[in-house]
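What follows is a single structure, written as C-alpha coordinates, with notes after it.
The values are calculated or read from the model by the stated rules, or taken from the named source; none is laboratory data. This one's a predicted model, so the numbers in the text were calculated from it and none came from an experiment. Protein only, heavy atoms only, side chains kept; ligands, DNA and RNA dropped before computing areas. Shrake-Rupley method; radii C 1.70, N 1.55, O 1.52, S 1.80 Å.
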Amino acid sequence: WYKLRLGMLLMTISGAALANADAYMSTLIDQAIQTHPLVGAARAEQQATNVSIRAAKLNLLPAPTFSSGYDRDDGMVSKLQIRQSLWTGGKLTANVNQAVFDDKAATEYVYEQQNQVAKTTIEAWQSYITAVSKQRVYYDSLQLLAEFEEMMQRRVNQGVSARIEMDLVTNRILQEQNAYQGAFEQQRIAIARLQQITGRRLTATDLPVPNLSELVGRAKGYSQTYEKMAFDQASFYNPTVVKE
(Lines give C-alpha, C1' and ligand atoms only; values in the text may rest on other atoms or scores of the structure.)
Protein backbone atom coordinates (compact mmCIF):
# COMPACT_ATOMS: atom_id res chain seq x y z
CA TRP A 1 0.00 0.00 0.00
CA TYR A 2 2.66 2.52 0.97
CA LYS A 3 4.78 1.47 -2.04
CA LEU A 4 1.90 2.44 -4.33
CA ARG A 5 1.67 5.83 -2.63
CA LEU A 6 5.43 6.26 -2.80
CA GLY A 7 5.39 5.51 -6.52
CA MET A 8 2.63 8.03 -7.17
CA LEU A 9 4.47 10.71 -5.15
CA LEU A 10 7.75 10.09 -6.95
CA MET A 11 5.90 10.53 -10.22
CA THR A 12 4.03 13.70 -9.32
CA ILE A 13 6.22 15.62 -6.87
CA SER A 14 8.69 18.01 -8.45
CA GLY A 15 12.24 17.33 -7.32
CA ALA A 16 11.47 14.00 -5.70
CA ALA A 17 13.65 11.72 -7.81
CA LEU A 18 16.66 10.36 -5.93
CA ALA A 19 19.49 7.97 -6.36
CA ASN A 20 18.27 4.74 -4.76
CA ALA A 21 15.20 6.59 -3.48
CA ASP A 22 12.99 3.50 -3.31
CA ALA A 23 15.48 1.50 -1.25
CA TYR A 24 16.25 4.39 1.09
CA MET A 25 12.59 5.25 1.60
CA SER A 26 11.77 1.61 2.29
CA THR A 27 14.46 1.62 4.98
CA LEU A 28 13.06 4.74 6.64
CA ILE A 29 9.48 3.45 6.46
CA ASP A 30 10.42 0.04 7.86
CA GLN A 31 12.23 1.78 10.72
CA ALA A 32 9.22 4.00 11.39
CA ILE A 33 6.57 1.27 11.41
CA GLN A 34 8.71 -0.89 13.71
CA THR A 35 9.40 1.77 16.33
CA HIS A 36 6.57 4.31 16.15
CA PRO A 37 4.38 4.44 19.30
CA LEU A 38 1.13 4.46 17.28
CA VAL A 39 2.00 1.13 15.71
CA GLY A 40 3.21 -0.25 19.04
CA ALA A 41 -0.08 0.69 20.71
CA ALA A 42 -2.06 -0.93 17.89
CA ARG A 43 -0.04 -4.14 18.23
CA ALA A 44 -0.67 -4.22 21.99
CA GLU A 45 -4.40 -3.79 21.36
CA GLN A 46 -4.33 -6.66 18.86
CA GLN A 47 -2.61 -8.89 21.42
CA ALA A 48 -5.36 -8.07 23.90
CA THR A 49 -8.11 -9.01 21.44
CA ASN A 50 -6.29 -12.25 20.67
CA VAL A 51 -6.42 -13.15 24.35
CA SER A 52 -10.14 -12.30 24.35
CA ILE A 53 -10.73 -15.09 21.82
CA ARG A 54 -9.27 -17.67 24.16
CA ALA A 55 -11.29 -16.27 27.05
CA ALA A 56 -14.52 -16.45 25.02
CA LYS A 57 -13.82 -20.06 23.99
CA LEU A 58 -13.17 -21.07 27.59
CA ASN A 59 -16.75 -20.08 28.43
CA LEU A 60 -17.90 -22.96 26.21
CA LEU A 61 -16.16 -25.49 28.46
CA PRO A 62 -17.45 -26.84 31.78
CA ALA A 63 -16.51 -24.64 34.74
CA PRO A 64 -15.39 -26.65 37.77
CA THR A 65 -15.53 -25.17 41.27
CA PHE A 66 -14.09 -26.59 44.48
CA SER A 67 -15.03 -25.68 48.03
CA SER A 68 -14.38 -27.10 51.48
CA GLY A 69 -15.84 -26.45 54.89
CA TYR A 70 -16.59 -27.90 58.33
CA ASP A 71 -19.83 -29.64 59.10
CA ARG A 72 -20.77 -30.29 62.74
CA ASP A 73 -21.94 -33.80 61.96
CA ASP A 74 -19.60 -34.89 59.19
CA GLY A 75 -16.49 -32.88 60.02
CA MET A 76 -14.49 -31.50 57.10
CA VAL A 77 -16.50 -31.63 53.86
CA SER A 78 -15.15 -30.89 50.37
CA LYS A 79 -17.31 -30.33 47.31
CA LEU A 80 -16.46 -30.42 43.63
CA GLN A 81 -19.03 -28.94 41.27
CA ILE A 82 -19.05 -28.67 37.49
CA ARG A 83 -21.27 -26.15 35.74
CA GLN A 84 -22.10 -26.39 32.07
CA SER A 85 -24.61 -24.18 30.28
CA LEU A 86 -27.04 -26.36 28.36
CA TRP A 87 -28.59 -23.57 26.30
CA THR A 88 -27.89 -19.83 26.16
CA GLY A 89 -29.68 -18.88 22.97
CA GLY A 90 -26.41 -18.64 21.07
CA LYS A 91 -24.87 -16.11 23.43
CA LEU A 92 -21.65 -18.02 24.04
CA THR A 93 -21.10 -18.67 20.34
CA ALA A 94 -21.87 -15.03 19.58
CA ASN A 95 -19.29 -13.95 22.14
CA VAL A 96 -16.67 -16.11 20.44
CA ASN A 97 -17.57 -14.74 17.01
CA GLN A 98 -17.44 -11.18 18.31
CA ALA A 99 -14.02 -11.79 19.83
CA VAL A 100 -12.78 -13.26 16.54
CA PHE A 101 -13.96 -10.30 14.50
CA ASP A 102 -12.66 -7.84 17.09
CA ASP A 103 -9.28 -9.50 16.68
CA LYS A 104 -9.49 -9.21 12.89
CA ALA A 105 -10.41 -5.54 13.19
CA ALA A 106 -7.49 -5.00 15.59
CA THR A 107 -5.14 -6.65 13.07
CA GLU A 108 -6.37 -4.31 10.33
CA TYR A 109 -5.94 -1.39 12.74
CA VAL A 110 -2.26 -2.31 13.01
CA TYR A 111 -2.00 -2.14 9.20
CA GLU A 112 -3.95 1.12 9.23
CA GLN A 113 -1.52 2.68 11.68
CA GLN A 114 1.43 1.39 9.68
CA ASN A 115 0.00 3.05 6.56
CA GLN A 116 -0.51 6.29 8.47
CA VAL A 117 3.07 6.26 9.75
CA ALA A 118 4.35 5.42 6.26
CA LYS A 119 2.33 8.30 4.82
CA THR A 120 3.72 10.71 7.41
CA THR A 121 7.26 9.51 6.66
CA ILE A 122 6.79 10.02 2.93
CA GLU A 123 5.35 13.50 3.48
CA ALA A 124 8.34 14.46 5.66
CA TRP A 125 10.68 13.08 3.01
CA GLN A 126 8.80 15.04 0.34
CA SER A 127 9.22 18.21 2.38
CA TYR A 128 12.97 17.56 2.68
CA ILE A 129 13.43 16.98 -1.06
CA THR A 130 11.37 20.04 -1.93
CA ALA A 131 13.46 22.19 0.42
CA VAL A 132 16.76 20.96 -1.03
CA SER A 133 15.53 21.47 -4.59
CA LYS A 134 14.35 24.99 -3.78
CA GLN A 135 17.76 25.83 -2.31
CA ARG A 136 19.41 24.89 -5.58
CA VAL A 137 17.01 27.06 -7.54
CA TYR A 138 17.48 30.03 -5.23
CA TYR A 139 21.26 29.57 -5.24
CA ASP A 140 21.38 29.65 -9.05
CA SER A 141 19.10 32.68 -9.04
CA LEU A 142 21.37 34.50 -6.58
CA GLN A 143 24.38 33.77 -8.77
CA LEU A 144 22.65 35.36 -11.75
CA LEU A 145 21.47 38.30 -9.69
CA ALA A 146 25.00 38.88 -8.41
CA GLU A 147 26.25 39.17 -11.98
CA PHE A 148 23.34 41.43 -12.86
CA GLU A 149 24.09 43.58 -9.79
CA GLU A 150 27.68 44.11 -10.93
CA MET A 151 26.50 45.07 -14.39
CA MET A 152 23.86 47.43 -13.00
CA GLN A 153 26.43 49.01 -10.65
CA ARG A 154 28.64 49.83 -13.62
CA ARG A 155 25.69 51.33 -15.48
CA VAL A 156 24.75 53.48 -12.49
CA ASN A 157 28.34 54.67 -12.05
CA GLN A 158 28.45 55.58 -15.71
CA GLY A 159 25.15 57.43 -15.45
CA VAL A 160 23.43 55.13 -17.96
CA SER A 161 20.87 53.79 -15.46
CA ALA A 162 19.03 55.47 -12.60
CA ARG A 163 19.84 54.68 -9.00
CA ILE A 164 16.31 53.33 -8.48
CA GLU A 165 17.11 50.44 -10.84
CA MET A 166 20.02 49.43 -8.65
CA ASP A 167 17.74 49.56 -5.63
CA LEU A 168 15.27 47.25 -7.38
CA VAL A 169 18.04 44.71 -8.05
CA THR A 170 19.17 44.90 -4.42
CA ASN A 171 15.61 44.35 -3.23
CA ARG A 172 15.26 41.32 -5.49
CA ILE A 173 18.49 39.86 -4.09
CA LEU A 174 17.19 40.30 -0.54
CA GLN A 175 13.98 38.52 -1.49
CA GLU A 176 15.89 35.59 -2.93
CA GLN A 177 18.12 35.43 0.14
CA ASN A 178 15.05 35.28 2.40
CA ALA A 179 13.56 32.55 0.22
CA TYR A 180 16.82 30.60 0.35
CA GLN A 181 16.90 30.87 4.14
CA GLY A 182 13.28 29.75 4.30
CA ALA A 183 14.10 26.66 2.23
CA PHE A 184 17.03 25.91 4.52
CA GLU A 185 14.74 26.09 7.57
CA GLN A 186 12.23 23.84 5.80
CA GLN A 187 15.00 21.31 5.24
CA ARG A 188 16.03 21.43 8.90
CA ILE A 189 12.43 20.95 10.07
CA ALA A 190 11.94 18.04 7.65
CA ILE A 191 15.04 16.29 9.01
CA ALA A 192 13.77 16.80 12.56
CA ARG A 193 10.41 15.28 11.59
CA LEU A 194 12.09 12.27 10.01
CA GLN A 195 14.16 11.77 13.16
CA GLN A 196 11.06 11.98 15.32
CA ILE A 197 9.06 9.57 13.15
CA THR A 198 11.76 6.95 12.66
CA GLY A 199 13.51 7.29 16.02
CA ARG A 200 16.77 7.44 14.09
CA ARG A 201 19.40 10.18 14.15
CA LEU A 202 19.73 11.72 10.70
CA THR A 203 21.76 14.52 9.17
CA ALA A 204 21.73 16.19 5.78
CA THR A 205 24.82 14.18 4.80
CA ASP A 206 22.97 10.92 5.53
CA LEU A 207 20.13 11.66 3.12
CA PRO A 208 20.43 11.14 -0.63
CA VAL A 209 20.71 14.25 -2.78
CA PRO A 210 17.85 14.79 -5.26
CA ASN A 211 18.57 14.39 -8.94
CA LEU A 212 16.15 16.25 -11.18
CA SER A 213 17.28 14.46 -14.33
CA GLU A 214 16.49 11.14 -12.67
CA LEU A 215 13.05 12.51 -11.86
CA VAL A 216 12.29 12.77 -15.55
CA GLY A 217 13.22 9.15 -16.16
CA ARG A 218 11.23 7.96 -13.17
CA ALA A 219 8.19 9.98 -14.16
CA LYS A 220 8.24 8.46 -17.65
CA GLY A 221 8.66 4.97 -16.25
CA TYR A 222 5.84 5.30 -13.74
CA SER A 223 3.52 6.91 -16.26
CA GLN A 224 3.67 3.82 -18.47
CA THR A 225 2.36 1.54 -15.71
CA TYR A 226 0.36 4.12 -13.76
CA GLU A 227 -3.08 2.86 -14.79
CA LYS A 228 -2.33 -0.73 -13.81
CA MET A 229 -0.64 0.35 -10.58
CA ALA A 230 -3.47 2.68 -9.55
CA PHE A 231 -6.45 0.56 -10.60
CA ASP A 232 -5.18 -2.95 -9.96
CA GLN A 233 -7.54 -4.90 -7.70
CA ALA A 234 -4.88 -5.19 -4.99
CA SER A 235 -4.60 -1.42 -4.86
CA PHE A 236 -8.13 -1.10 -3.53
CA TYR A 237 -7.30 -3.07 -0.40
CA ASN A 238 -7.62 -0.62 2.44
CA PRO A 239 -7.25 -1.62 6.11
CA THR A 240 -9.74 1.05 7.19
CA VAL A 241 -12.47 -0.42 4.96
CA VAL A 242 -11.67 -4.00 6.00
CA LYS A 243 -11.67 -3.00 9.66
CA GLU A 244 -15.12 -1.41 9.43
How high is the relative contact order of the chain, in percent, counting Cα pairs under 8 Å that sit 6 or more residues apart? 37 percent
Under 8 Å for C-alpha pairs, at least 6 residues apart: give me the relative contact order for region 16-159, rounded to a whole percent. 32 percent
Of Met76, Met151, which has the most accessible area and how do the rest follow, probe 1.4 Å? Met76, Met151
What figure, in Å² to the nearest 10, do you get for the accessible area of Arg188 with a 1.4 Å probe and non-protein molecules left out? 130 Å²
For region 107-203, radius of gyration divided by Kirkwood radius, i.e. Rg to Rh on alpha-carbons: 1.31
Per residue, how much space in cubic angstrom lies within the convex hull of the C-alpha atoms of the chain? 219 Å³
Solvent exposure, largest accessible area first (probe 1.4 Å, DNA, RNA and ligands not counted), of Thr49, Thr225, Thr121: Thr225, Thr49, Thr121
Kirkwood estimate for region 155-197, i.e. one over the average of 1/r between Cα atoms, Å: 12.8 Å
Candidates Ala105, Ala94, Ala190, ranked by Gaussian network fluctuation over the chain, Cα under 10 Å, top entry: Ala94
Under a Gaussian network model of the chain whose springs join Cα atoms within less than 10 Å, the largest fluctuation of Leu174, Leu80, Leu60 belongs to Leu80
What helix-only [θ] at 222 nm does the chain give? Using -39500 (n - 2.57) per DSSP H run of at least 4, over all residues, to the nearest 500, the answer is -25000 deg cm²/dmol
